[in-house]
Amino acid sequence: MIGPYVLPDDVFDALAAGEGGRSAVLLLRRARRSRNLLLLRRALDGPCGPAAEPAADLLAGVERVAPAAARSVIDGPAFGTWAARTLRDCPAHRRGGCAGRDLAALVVLAAVRAGHPARVAVPVREGRLALPGLGTVTGLGGAPEALVVVEAPAGPVSTPGTSAGSCRVRVLTAAGERVLPRDPSRPGHGWQPVAVLDARHRGLTLRLPLETAAPDLPALETASAGPAAWRELLRRAWELLVDHHPRRAEELAAGLNGIVPLPAPARGVASATSRHAFGTVLTSWPADPERLALTLLHEFQHSKLSALTDLVTLYEPGGGPRLYAPWRPDPRPPGGLLQGIYAHLGDLAFWQDRSGSRHGPAQADAAWRLAQTRAHVERGLTEAAAHVRLTDLGVRFLERLARTVRDGDGAGGGGRGGGERLARAVARVQAGDESVWRLRWAVADEAGTDRLAALWRSGRPAGPLPAEDVRPATGAVAGPGPEFGRWAARQRGAERARPAREAADAVLAAPHRTRGWAELAAAAAEEGRPGAALLRARTELVRALLVRLTAPHTAPPPGTPPPRPPDPLALAAWLADATETDPADVHAVADEEAATGSAPPAARSLDRIGRGDPAESGSGAVPEGPVCSPGPRART
């Protein structure tokens, strides 16, 4: 009998507030396990089923004698991504290269941990046999596959699931046989083990594989950061987390299951999380324990929200497809925006603590990052409320999240750090960043711009503004550019913005220069100029209108001086007078009213989030069933 998972109201509210605790994480982990098993069932019922069936039978056999060993693989870094890849895209299943065959590489670990005998064929790629959780056999030449034989220990296994060192593992190909070391955690000839990182502090233990054997993932760059370096870095990061973030450390101990090292980017640290690999953090070498601690906090927030959205629906299809997220250079879909907001709660907690425990320049840097992170989350909340079709649970989720940001309780308590000057500097950078983003991605409607130009020339009100149009991003997207970066860096030490009048004159002189618009948006906001919000929220429209009005229209009569170019500040104020609604929200509302005759749920939710109205909670829909028994080919 399969039943639903029920998410209690208090657990939902605790997760929405940013944490949730160990019990909530364990619930999410169990729910994700059930989801992975349902994905396995679907894979077995699909075209890849015959290729995956032998390995699924082996996993079921291990589950019967050593459930913990089977669960460790189903919960592990590679299982969910394998299932999702097999179901989503397996064009090779008719050519003998089916992704379903890769399940065999995963279940070898379960057999070894259980001391369970096994014989299973595993694909070999480019001479490498990758066994996630165990390691990689190299130098196998052109063999397409290898037979992996797990020989159980001669005597009975006293504690199934803990006897990895008691099995004999043989790898057979047409070219010969390899025997792995009795202790597979030790390197050997042609054998690169997956290192296990252990960190213990004040009775709390974190044990994570440094997963370098998962298919389709890069190999560890041992020249710059080998297992010993990772182990020492994790130890120091774990001490920081346990000492300063004990509740979140308990969550990490209950939910993290692996680190996948990524190649280092040109600058900074690259990190990511797959929604199909609960508790797995992908990151390049962080170089210092603070950065690793921050990365673990941030990325595990993503895992929690991905698992939570398996159980509840926070938003409906529709709404704005490409939204502004101040921490990203590219437009984001609704789900990506919510993920970013939630992940930054981990950053907020981290910088709240750092800003209170550091001194001197380090404290000033932490205070800046805290203020910037808070501003990012607050702007993201506004964007979500205005443009995402939130369900009642989604409204409740964001209201609890906003309360955490507002009160600071989920950010470690204490003051916010910084002062009025810091707040002004952060606001300037935020206004400039959004203005640059608008110029990069938003397109002003040509017919609407022509209409506005005619109304301006005739001295009439602007009327309704043209609808927004944000282009999709394609390929990798870099940041806003070095020019903006240099300007933003200077704002940290600036007392005030460049005078808005000067910024407007600079824009008139060079209307296509992006930095000029960033300075104008920041200066207008700081001085409280009319139309400041529109300069930030519809920069592309103001610029398009300015360019249209300064372009040659008709030749003036002989002896008549050319018309004075319009003032960008006056243009923005004139456009802002077109409606009493906040220009950041008016177009989403107007577009939806035109299409449906009523305001969308997202537009109504903004006021609810501000008021903190209650919304109903509900139970999830992920079934909980038998752990692993593929059985007959009936769908579950």
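The values are calculated or read from the model by the stated rules, or taken from the named source; none is laboratory data. Everything quoted here is computed from the prediction, not taken from an experiment. Cβ placement follows ideal geometry from the backbone for every residue including glycine, while neighbour counts extend to all protein chains displayed.
Is there a residue in segment 238-251 that is part of a helix (DSSP H, G or I) and over 22 Å from Gly20 (Cβ atoms)? Full working, then the answer.
To start, the set of residues in segment 238-251 that are part of a helix (DSSP H, G or I) comprises 238-244, 246-251.
Then drop every residue that is not over 22 Å from Gly20 (Cβ atoms), which leaves 239.
Yes, the conditions are met somewhere in segment 238-251.
Give segment 441-497 a look and list any residue that's touching a strand residue (DSSP E or B) at 6+ places or on another chain (Cβ under 8 Å) and assigned to a helix (DSSP H, G or I), or say none.
From segment 441-497, those touching a strand residue (DSSP E or B) at 6+ places or on another chain (Cβ under 8 Å) are 441-443, 468-471; that's our starting set.
Listed by number, the list holds a single entry, Trp441.
Residues checked against (1) free of Cβ contacts under 8 Å to residues at least 60 places away in the same chain; (2) surrounded by 15 or more Cβ atoms within 10 Å (Cβ to Cβ); (3) assigned to a strand (DSSP E or B); (4) among the charged types (D, E, K, R):
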residue	(1), (2), (3), (4)
Val171	yes, yes, yes, no
Glu177	yes, no, yes, yes
Asp183	yes, no, no, yes
Arg186	yes, no, no, yes
Gln192	yes, yes, yes, no
Ala199	yes, yes, yes, no
Leu206	yes, yes, yes, no
Pro209	no, yes, yes, no
Item to check | Residues being basic (Lys, Arg) and in contact with a strand residue (DSSP E or B) (Cβ under 9 Å, 6 or more places away or on another chain) - total across segment 234-278 | outcome: 2
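Is it true that Gly268 is surrounded by fewer than 24 Cβ atoms within 10 Å (Cβ to Cβ), assigned to a helix (DSSP H, G or I) and out of contact with any Pro (no Cβ under 7 Å at 6 or more places or on another chain)? Before you say what the answer is, go through the steps one by one.
On the way: surrounded by fewer than 24 Cβ atoms within 10 Å (Cβ to Cβ): yes; assigned to a helix (DSSP H, G or I): no; out of contact with any Pro (no Cβ under 7 Å at 6 or more places or on another chain): yes.
No, not satisfied.
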Next on the checklist: So, in segment 391-438, how many residues would count as being modelled with pLDDT of 95 or more and part of a loop (DSSP other than H, G, I, E, B)?
Outcome noted: 1
Next on the checklist: Return the residues of segment 150-169 that are under 16 Å from Gly61 (Cβ atoms) and either at pLDDT 80 or above or surrounded by fewer than 19 Cβ atoms within 10 Å (Cβ to Cβ) (or both); say none if nothing qualifies.
Outcome noted: Val150, Glu151, Ala152, Val157, Pro160, Cys167
Next on the checklist: Looking at Arg32, Arg119 in this structure, which one is surrounded by fewer than 19 Cβ atoms within 10 Å (Cβ to Cβ), modelled with pLDDT of 95 or more and either farther than 28 Å from Arg168 by Cα or out of contact with any Phe, Trp or Tyr (no Cβ under 6 Å at 6 or more places or on another chain) (or both)?
Outcome noted: Arg119
Item to check | Qualifying positions in segment 139-149 - at pLDDT below 95 and either more than 19 Å from Leu106 (Cβ to Cβ) or among the small types (Gly, Ala, Ser) (or both) | outcome: Gly139, Gly141, Gly142, Ala143
Checklist entry - What number of residues within segment 282-335 satisfy the criterion of being assigned to a helix (DSSP H, G or I) and either within 17 Å of the chain's Cα centre (by Cα) or under 21 Å from Ala229 (Cβ atoms) (or both)? => result 24
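Does segment 46-57 contain any residue that is of a type in the set (A, V, I, L, M), in contact with a strand residue (DSSP E or B) (Cβ under 8 Å, 6 or more places away or on another chain) and outside the structural domain of Leu134 (by TED's automatic domain parsing)?
Looking only at segment 46-57, we keep the residues that are of a type in the set (A, V, I, L, M), and these are 51-52, 55-56.
With in contact with a strand residue (DSSP E or B) (Cβ under 8 Å, 6 or more places away or on another chain) added as a condition, the list becomes 55.
Then keep just the ones that are outside the structural domain of Leu134 (by TED's automatic domain parsing); that gives none.
Scanning segment 46-57, I find no residue that is of a type in the set (A, V, I, L, M), in contact with a strand residue (DSSP E or B) (Cβ under 8 Å, 6 or more places away or on another chain) and outside the structural domain of Leu134 (by TED's automatic domain parsing), so the answer is no.
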Next on the checklist: Would you confirm, using the coordinates I've provided, whether Arg332 is of a type in the set (Lys, Arg) and in contact with a Pro (Cβ under 8 Å, 6 or more places away or on another chain)?
Outcome noted: no
Checklist entry - If we keep just the residues of segment 327-338 that are in contact (Cβ under 8 Å) with a residue 24 or more places away in the chain and buried (at least 21 other Cβ atoms within 10 Å of the Cβ), which is farthest from Arg369 (Cα to Cα)? => result Pro334
